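One structure below.
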Amino acid sequence: MSNESELREERDQRIAELEARIRRRGVGVRAPVAVFAMVVGSVLLGLLWKDLTYFFSPSTPLTLGAEGAYRYEVLESNRYVQVHGIPTIRGAYGRDGEDVYVVVGLRESPFLVRRHALPGEEWTPGRVPRQPDQRPFGVRGRLLSEEDARRHQEGFKLLREWGEVQPRDGRLWLVVEGERPRGDKGVPFIALVLVTFILANAALLIRGLHKRFNPSPSGRGPG
């Protein structure tokens, strides 16, 4: 019986050593993966940050004024605003799926407006676009500085070259018609998913490191 007990103890010890080795190797693999996942999640959350802050921004529009009386002192990127003005003679047309939109400037101001094409402003790629509707108009939407609206750089470039708008301190501003705070319910949902993903990987990393540096003793079988 003593030999059998010795063999059992030796076997249990060997199993414990193998388990400890597997745990160490497992953590070595999981830790870099968890860190990488956290970095990716953080980068994606950073890209979503401006949309998230806009979602929770005030829903009462900030008034920027009208032609001849614009309130430049209240300019703030990523805010819900309202503004009135006279459109420029030319506009930059584009398509978003089946929708046609046009970027027009407001004369004698640094403001551009991205809005859906109005009746009479139909446009087909490859053809000369029509002159934008020349009636003065008011618009509400999301105000973005030129730096925060990089996807619309072509519109900024064209309107700047045509010379009908006047940059303020070297900058132009874009109002995206119709974009309201709390309008896109998918933004906070995606943010919540990303935060949960980051925290879950952080928990896995902490647990793995704890097991690595504080291995629990393996139980021994009866003698």
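Below, the figures for the structure above:
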read-out	value
Residue-normalised accessible area of the range 67-144, given per residue in Å² at a 1.4 Å probe	51 Å²
Within the range 72-184, percent of DSSP bridges classed antiparallel, to nearest 5	85 percent
Cα gyration tensor shape for the range 43-123, rounded if a/c is under 1.5, else prolate or oblate	oblate
Viscosity 1.002 mPa s, temperature 20 °C, Stokes-Einstein D of the range 172-213 from Kirkwood C-alpha radius, µm²/s	159 µm²/s
Tensor-based shape of the range 65-193 (alpha-carbon gyration tensor, a/c under 1.5 rounded, otherwise prolate or oblate)	oblate
The range 74-223 - percent relative contact order, Cα under 8 Å, separation 6 or more	27 percent
For the range 21-127, with +1 on Lys and Arg beta carbons and -1 on Asp and Glu, the positive-most of S42, G97, V113 along the dipole	S42
Largest-first ordering by accessible area, 1.4 Å probe, given options K157, K185	K185, K157
All lysines inside 19 Å of K185 as judged from Cα atoms, apart from same-chain residues fewer than 8 positions distant	K50
Distance-filtered residues of the range 86-103 - backbone nitrogen under 19 Å, label point 7 angstrom along E154 Cα→Cβ	90-103
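The values are calculated or read from the model by the stated rules, or taken from the named source; none is laboratory data. Predicted model only: the values in this text are computed from it and were never measured. In this analysis, Cβ positions are derived from the backbone assuming ideal geometry, glycine residues included, and neighbour counts consider all displayed protein chains. When the accessible area is computed, the model is the full protein with side chains, heavy atoms only, and any ligands, DNA or RNA have been set aside. Shrake-Rupley method; radii C 1.70, N 1.55, O 1.52, S 1.80 Å.
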